[in-house]
Amino acid sequence: MAVRVQGARLAPQTALSEFIEAAAEDFGMPGVAAGVWFDGHETYACDGVTSLENPLPVDRDTLFLLGSVTKTFTATALLCLVASGQVCLEAPVTRYLPGLRLAEAPGAPPVTVLNLLNHTSGLDWGLSADTGEGDDALAGYVARLTELDRISAPGARASYSQAGYNLAGRIIETVTGVTYERALASLVLEPVGLAHTLFARDDIMTRRFCVGHNLGLDGWLSVARMWRRSRGDNPGGGLAASVADQLRWAQFHLGDGRAEDGTRVLPTELMARMRAPTTALRASTLGDAIGIGWFLRDVGGVRTASHGGSANGQFAQILTVPGHSFAVVALANAGPDGISFNRAVVRWALDTYLGVVQRDPEPLPYDSARVRELLGSYESEVMTLTISADGLHLRLAAAMKPQIRAAAHGEAPPDHPPFNLGLLPGDGDEYVITDGALKGQRGFFTRAHDGSVAGVDLGGRLYQRS
């Protein structure tokens, strides 16, 4: 097999390596790894080092933090319990967590297990809470969910929720009677053969692993501290894994529910259900719809299932094309441009291997009359977005709330520089970011019943007008 690159025929390893090396330099990445599965063959390329302070070469077994890609593992493990009859997706969460207390929502229907897995629970993004590293960390996180705002009734709309997946992880604990991490290992990691996919710092530190890096105001990268969030956030974003294990994970999800050695992990019908739409997404970079644990999108005539993740200065992306038995994984250890690096790798791979070209939508010219009603501040539990205009551009600034940053004791990632955004054709409520690390990300403004602008969606998350 060969791939076409700029009119030439190159061996897959050479083509991928050349692209990864050039892209890593363009985006200023200390260390990166990528893998492609196509036509029954796997190809890897790694470049750079694990850390600028303690540099070791990145290889296919080097561990990167996956961030929210962990959610695909949590969803798969929970479906294993569905397959065994221990959990029902349509059941209320309180069936498995009878003592659960959430913020009051009078008259709202109960939150179901499926609401957690497709981000329709109505829960805000999550809590900035360190509940320790003990076996009770996840229980401690869930016990504090009364502090978390409801942004909608369950099932009313999708809004990305870390808290929802942490709650799903707690269901796994209570049903299995063991810690979430132990349950995930026995249900998923061990059967699929993922020996380089780990949670515990004591396990990770014995392997070669990457640290994150963030860009300072002086324009230089420095090692990111904290390394990862606390254990209570593990179901939503706690795994570290190698590019080889991530590509094996992608291959598993392209299959019929059996591991490489023939072990049945999930029934075929549940594997297919993970890739079937359960709720729609509007104007979202994440996808057109959400399955179970996967974001779904039609790109150039092919159906993709993908998930991204971010940690402090580390970024991960996994994308599969089930109809073509194709997958690509990209990992990078610097922010904010690790997002752009991973995006470039995915787009290059889709074009090079499948001939699928993904382009950003073209915004409308700036119109001061249209943007005037959008200006102001919008908030989630953790972040504040400020929409402003300078007469030429609509601008978006995203900042962590001061109290959240203070609680992190200097270990939170820096805020992104402001971005330009442009409104898209249609009703004028959809937009695309046109520069910076989030270039190409799409979102939309939401309106109240009286037609006034009440919120803005960015990265699949709702920020309510303050």
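The values are calculated or read from the model by the stated rules, or taken from the named source; none is laboratory data. Computed from a predicted structure; not experimentally measured. Virtual Cβ from ideal backbone geometry, glycine too; neighbours counted across all protein chains shown.
Cβ contacts < 8 Å: first residue more than 18 Å from residue 179 (Cβ to Cβ) and in the same structural domain as residue 229 (by TED's automatic domain parsing), restricted to segment 135-150; second residue crowded, with 16+ Cβ neighbours inside 10 Å and of a type in the set (Ser, Thr, Tyr), any location; separation 6+ or different chain. Result?
Here the result reads 144/131, each pair linking segment 135-150 to a residue that is crowded, with 16+ Cβ neighbours inside 10 Å and of a type in the set (Ser, Thr, Tyr).
Which residue, of 112, 131, 70, is under 20 Å from residue 158 (Cα atoms), surrounded by fewer than 24 Cβ atoms within 10 Å (Cβ to Cβ), among the polar types (S, T, N, Q) and touching a helix residue (DSSP H, G or I) at 6+ places or on another chain (Cβ under 8 Å)?
Just one listed residue meets the conditions, 112.
With a cut-off of at least 3 residues that are in contact with a Pro (Cβ under 9 Å, 6 or more places away or on another chain) and either among the polar types (S, T, N, Q) or closer than 26 Å to residue 250 by Cα (or both), name the helices (runs of 4 or more DSSP H) lying wholly within segment 62-166.
Working: elements: 70-83, 113-117, 137-143.
The helices (runs of 4 or more DSSP H) meeting that bar are 70-83.
Does segment 167-207 hold any residues that are within 30 Å of residue 50 (Cβ to Cβ) and part of a loop (DSSP other than H, G, I, E, B), and which are they?
Across segment 167-207, the qualifying residues are 179, 193, 194, 195, 196, 199, 200, 205, 206, 207.
Considering only segment 310-320, I want to know if a residue exists there that is assigned to a helix (DSSP H, G or I) and either modelled with pLDDT under 95 or within 18 Å of residue 16 (Cβ to Cβ) (or both). Talk me through it step by step, then tell me what you get.
The first filter runs over segment 310-320 and keeps only residues assigned to a helix (DSSP H, G or I), leaving none.
Checked segment 310-320: no residue is assigned to a helix (DSSP H, G or I) and either modelled with pLDDT under 95 or within 18 Å of residue 16 (Cβ to Cβ) (or both).
Of all residues being modelled with pLDDT under 90 and among the β-branched types (Val, Ile, Thr) in segment 1-55, which is nearest to residue 221 (Cα to Cα)? Just the residue, please.
Filtering segment 1-55 for residues that are modelled with pLDDT under 90 and among the β-branched types (Val, Ile, Thr), the one nearest to residue 221 (Cα to Cα) comes out as 14.
Could you tell me whether any residue of segment 75-94 is touching a His at 6+ places or on another chain (Cβ under 9 Å), assigned by TED's automatic domain parsing to the domain that holds residue 242 and either polar (S, T, N, Q) or closer than 16 Å to residue 173 by Cβ (or both)?
Yes: segment 75-94 contains one or more residues that are touching a His at 6+ places or on another chain (Cβ under 9 Å), assigned by TED's automatic domain parsing to the domain that holds residue 242 and either polar (S, T, N, Q) or closer than 16 Å to residue 173 by Cβ (or both).
Can you tell me which of 176, 120 is more than 21 Å from the chain's Cα centre (by Cα), of a type in the set (Val, Ile, Thr) and either in the same structural domain as residue 80 (by TED's automatic domain parsing) or modelled with pLDDT of 95 or more (or both)?
After ruling out the rest, the residue left standing is 176.
Are any of the residues in segment 217-235 over 17 Å from the mean Cα position of the chain (by Cα), farther than 26 Å from residue 129 by Cβ and either surrounded by 18 or more Cβ atoms within 10 Å (Cβ to Cβ) or not assigned by TED's automatic domain parsing to the domain that holds residue 74 (or both)?
Yes, segment 217-235 contains at least one residue that is over 17 Å from the mean Cα position of the chain (by Cα), farther than 26 Å from residue 129 by Cβ and either surrounded by 18 or more Cβ atoms within 10 Å (Cβ to Cβ) or not assigned by TED's automatic domain parsing to the domain that holds residue 74 (or both).
Which residues, counting only those in segment 216-225, are charged (D, E, K, R) and part of a strand (DSSP E or B)? Outline the logic, then answer.
Applying the first criterion (charged (D, E, K, R)) to segment 216-225 yields 218, 225.
Of everything in segment 216-225, nothing turns out to be charged (D, E, K, R) and part of a strand (DSSP E or B).
Report, by residue number, each residue of segment 349-375 that is closer than 24 Å to residue 385 by Cα and buried (at least 18 other Cβ atoms within 10 Å of the Cβ).
Narrowing segment 349-375 to residues closer than 24 Å to residue 385 by Cα: 360-375.
If the condition is that a residue be closer than 24 Å to residue 385 by Cα and buried (at least 18 other Cβ atoms within 10 Å of the Cβ), then 363, 371, 374 are the ones that fit.
With (1) under 28 Å from residue 128 (Cβ atoms); (2) touching a strand residue (DSSP E or B) at 6+ places or on another chain (Cβ under 9 Å); (3) outside any loop (DSSP other than H, G, I, E, B); (4) not small (Gly, Ala, Ser) as the list, and residue 211 as the residue in question, which single condition is left unmet?
Of the numbered conditions (1) under 28 Å from residue 128 (Cβ atoms); (2) touching a strand residue (DSSP E or B) at 6+ places or on another chain (Cβ under 9 Å); (3) outside any loop (DSSP other than H, G, I, E, B); (4) not small (Gly, Ala, Ser), the odd one out for residue 211 is (3).
So is residue 306 assigned to a strand (DSSP E or B), out of contact with any Leu (no Cβ under 8 Å at 6 or more places or on another chain) and either surrounded by 15 or more Cβ atoms within 10 Å (Cβ to Cβ) or modelled with pLDDT under 95 (or both) or not?
Numbers: assigned to a strand (DSSP E or B): yes; out of contact with any Leu (no Cβ under 8 Å at 6 or more places or on another chain): no; either surrounded by 15 or more Cβ atoms within 10 Å (Cβ to Cβ) or modelled with pLDDT under 95 (or both): yes.
So residue 306 fails the test.
State which residue pairs qualify: first residue in the same structural domain as residue 455 (by TED's automatic domain parsing) and touching a residue at least 12 places away in the same chain (Cβ under 8 Å) and inside segment 393-414, second residue part of a loop (DSSP other than H, G, I, E, B) and surrounded by fewer than 13 Cβ atoms within 10 Å (Cβ to Cβ) in any location, beta carbons under 9 Å apart, and separation of 6 or more residues or different chains.
414/216; 414/217
Consider residue 341 carefully, then state whether it is among the aromatic types (Phe, Trp, Tyr), in contact with a Leu (Cβ under 8 Å, 6 or more places away or on another chain) and either surrounded by fewer than 23 Cβ atoms within 10 Å (Cβ to Cβ) or under 21 Å from residue 25 (Cα atoms) (or both).
Details: among the aromatic types (Phe, Trp, Tyr): yes; in contact with a Leu (Cβ under 8 Å, 6 or more places away or on another chain): no; either surrounded by fewer than 23 Cβ atoms within 10 Å (Cβ to Cβ) or under 21 Å from residue 25 (Cα atoms) (or both): yes.
For residue 341, the condition - among the aromatic types (Phe, Trp, Tyr), in contact with a Leu (Cβ under 8 Å, 6 or more places away or on another chain) and either surrounded by fewer than 23 Cβ atoms within 10 Å (Cβ to Cβ) or under 21 Å from residue 25 (Cα atoms) (or both) - is not met.
Kindly list the number of the only condition in (1) in contact with an Asp or Glu (Cβ under 8 Å, 6 or more places away or on another chain); (2) under 20 Å from residue 273 (Cβ atoms); (3) among the β-branched types (Val, Ile, Thr) that fails for residue 120.
All conditions pass for residue 120, except number (1).
In segment 50-85, which residues are touching a Gly at 6+ places or on another chain (Cβ under 7 Å) and under 19 Å from residue 16 (Cβ atoms)?
Result: 58, single match.
Would you mind finding the one in 346, 321, 329, 265 that is farther than 29 Å from residue 445 by Cβ, crowded, with 20+ Cβ neighbours inside 10 Å and within 15 Å of the chain's Cα centre (by Cα)?
Working: 346 fails: farther than 29 Å from residue 445 by Cβ; 321 fails: within 15 Å of the chain's Cα centre (by Cα); 265 fails: within 15 Å of the chain's Cα centre (by Cα).
Exactly one residue qualifies, and that residue is 329.
With the requirement that a residue be in a helix (DSSP H, G or I), among the charged types (D, E, K, R) and touching a residue at least 60 places away in the same chain (Cβ under 8 Å), what does segment 226-272 give you?
Hits for segment 226-272 are 231, 233.
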